[in-house]
Amino acid sequence: MGDQPTLSVLGAGSWGTALAALTARNGVPTRLWGRDAAALAALAASRRNQRYLPDLELPAGLAYESDLAAALRGADIVLIVVPSHAFAETLDAIAPLLPPQAAIAWASKGFEPGTGRFLHELVAEKLPGRPAAVVTGPSFAKEVAAGLPSAVTVHSEDEAFATRLCKLLHAPNFRAYSGTDVLGAELGGAMKNVLAVATGVADGMQLGLNARAGLITRGMNEMLRLGKALGARPETLMGLAGLGDLVLTCTGDLSRNRRLGLALGRGVALDEAVRQIGQVVESVLTADEVMRLARKHGLDLPISAGVQAVLHGEVTPVEGLRTLMAREQKPEYPEGLFGPF
């Protein structure tokens, strides 16, 4: 790769558009690919993503490509920004088209539906031998697009690639930190969506700020316990990828998952709540995968379990809260913060 690698961003939703605009403004040759050719043509003509980010004027240097092969031709880095349920399908589609030098990154959050596998496991299986990195952290696309101060973290087993990607993303109002704990970074980015539903439900039921703070803190405890069982580093989960993203998603009304919880807490049916949001809500699938991992490792995650039960219509939000509050009294950390739980 030269000093200015060619970046192909796959996914023209809110986050993909915001990241492509960011790197294009940074002087990185950037292409944005979208599955809907007509929508992408309209986006290119108006230099605005009217559906997701209507207030963002896209930089003149950003290129648009609806043909996947053309979007990938000559790419040095491919940044995948599609919903987690479409991630494996996207890897399969790009595998025969990738240039030999292309490294892979993704800003998708979640697990493979039905298996609970992390996205980096899919990359290792389908695109072996390539540098790979995850971009994650507390970052609403709308605020990044508006140029408001934001910070993310880029984790890769290849430290040089993580550093290189950070440099492409780093901007006056956008800080990018590097790390090497891919699993921990992915766990934080996925699990916070489930916990945001819980705080949204509580706020929708007008249970107060004490309840919100308690759910965030005990949700962080669940994230740490699952992370320990999976081999994630606690400092990763206490950083931008975990705690940072958790606080943002649990308290910010730009979060689709929090808005889903708010609607459920106010008595709106799940299907109607998702329809009102109008975008993919990752928590609906992620809750099942979090609990699959919890059962595999013999962990009791009461908040995550409650969210899963509510999303499946097994209990009402009121019944879920009653179950949480009826749990037995116990020490907060029986054997220390990072000891056995």
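The values are calculated or read from the model by the stated rules, or taken from the named source; none is laboratory data. It should be emphasised that the depicted structure is a prediction, and the values quoted were computed from it without experimental measurement. Here Cβ is always computed from backbone atoms with ideal geometry, including for glycine, and neighbour counts include all displayed protein chains. For accessibility, only protein heavy atoms count, side chains too; no ligands or nucleic acids. Shrake-Rupley method; radii C 1.70, N 1.55, O 1.52, S 1.80 Å.
When a/c is below 1.5 the answer is rounded, else prolate if a/b is larger than b/c, else oblate, so apply that to the chain with a ≥ b ≥ c taken from the square roots of the Cα gyration tensor eigenvalues. Could the numbers behind the result be given before it?
Details: a/c = 1.94, a/b = 1.53, b/c = 1.27.
Since a/c reaches 1.5 and a/b is larger than b/c, the shape of the chain is classed as prolate.
Where does each of Ile277, Ile80 land when they are ordered by accessible area, with a 1.4 Å probe and the largest first?
Numbers: Ile277 25, Ile80 0 Å².
Order by accessible area, largest first: Ile277, Ile80.
With a 1.4 Å probe and all protein chains in place, put Lys126, Lys192 in order of accessible area, largest first. All intermediate terms of the calculation are to be shown ahead of the outcome.
Numbers: Lys126 55, Lys192 15 Å².
The most accessible residue leads, giving Lys126, Lys192.
Pulled fully out, how much extra length does the chain show between Asp300 and Asp271, if you take 0.36 nm times their separation in residues and subtract their Cα-Cα distance? Don't jump to the answer; show the numbers that get you there.
On the way: separation 29, 0.36 × 29 = 10.44 nm, distance 2.79 nm.
Residue separation times 0.36 nm, minus the Cα-Cα distance, leaves 7.6 nm.
When ranked by the protection proxy of mean other Cβ atoms within 10 Å per residue, highest first, what sequence do the peptides 289-299, 38-48 form?
Details: 289-299: 16.8, 38-48: 14.7.
Final packing ranking: 289-299, 38-48.
For the chain, report the accessible area per residue in Å² (1.4 Å probe, heavy atoms, rounded to an integer).
Values: 14550 Å² over 341 residues.
Counting only protein heavy atoms, the per-residue value for the chain is 43 Å².
Show me, for segment 269-278, the HN-Hα J-couplings you get by feeding each phi into the Karplus relation (A = 6.51, B = -1.76, C = 1.60, θ = phi - 60°), rounded to Hz, glycine and proline as x.
Each residue of segment 269-278 in turn: 5, 4, 4, 5, 4, 5, 4, 5, 5, x Hz.
Compute, for segment 7-180, the length of the dipole vector about the Cα centre, with Cβ point charges of +1 (Lys, Arg) and -1 (Asp, Glu) only. Units Debye, rounded to 20. Walk me through the numbers before you get to the answer.
Working: 15 positive and 15 negative charges, 85 e Å.
Dipole size: approximately 400 debye.
Pairs of Cα atoms under 8 Å, at least six residues apart: use those to get the relative contact order of segment 178-316, whole percent.
With pairs under 8 Å counted, the relative contact order is 34 percent.
Give the peptides 134-142, 217-225, 203-211 in descending order of average Cβ contacts within 10 Å, highest first.
Details: 134-142: 24.3, 217-225: 20.1, 203-211: 15.1.
Packing proxy ranking, top to bottom: 134-142, 217-225, 203-211.
Across segment 240-253, in residue order, what do the Karplus-derived ³J(HN,Hα) couplings come to in whole Hz, using 6.51 cos²θ - 1.76 cosθ + 1.60 with θ = phi - 60° and x for Gly and Pro?
Listing the rounded values in order: 4, 5, x, 4, x, 5, 5, 4, 4, 6, 7, 10, x, 6 Hz.
Can you list the residues, at least 5 places off or on another chain, whose amide H is less than 5 Å from the amide H of Lys109, using H built in the peptide plane?
Amide H to amide H, under 5 Å and 5 or more residues apart or across chains, Lys109 pairs with Ser84.
Ignoring ligands, DNA and RNA, what percent of the accessible area of segment 80-223 is carbon or sulfur (1.4 Å)? Before the final figure, lay out the partial values.
Values: 2810 of 5180 Å².
Accessible surface attributable to carbon and sulfur in segment 80-223 totals 54 percent.
Any of Lys126/Lys192; Lys142/Lys330; Lys192/Lys330; Lys296/Lys330; Lys109/Lys296 with alpha carbons more than 30 Å apart? Name them for me. Present the calculation step by step, with values, prior to reporting the outcome.
Numbers: Lys126/Lys192 26 Å; Lys142/Lys330 41 Å; Lys192/Lys330 24 Å; Lys296/Lys330 24 Å; Lys109/Lys296 21 Å.
Where the Cα-Cα span goes over 30 Å, the pairs concerned are Lys142/Lys330.
For Ala151, list long-range residues whose amide hydrogen, built 1.01 Å from N in the peptide plane, is under 5 Å from its own amide hydrogen.
Arg175
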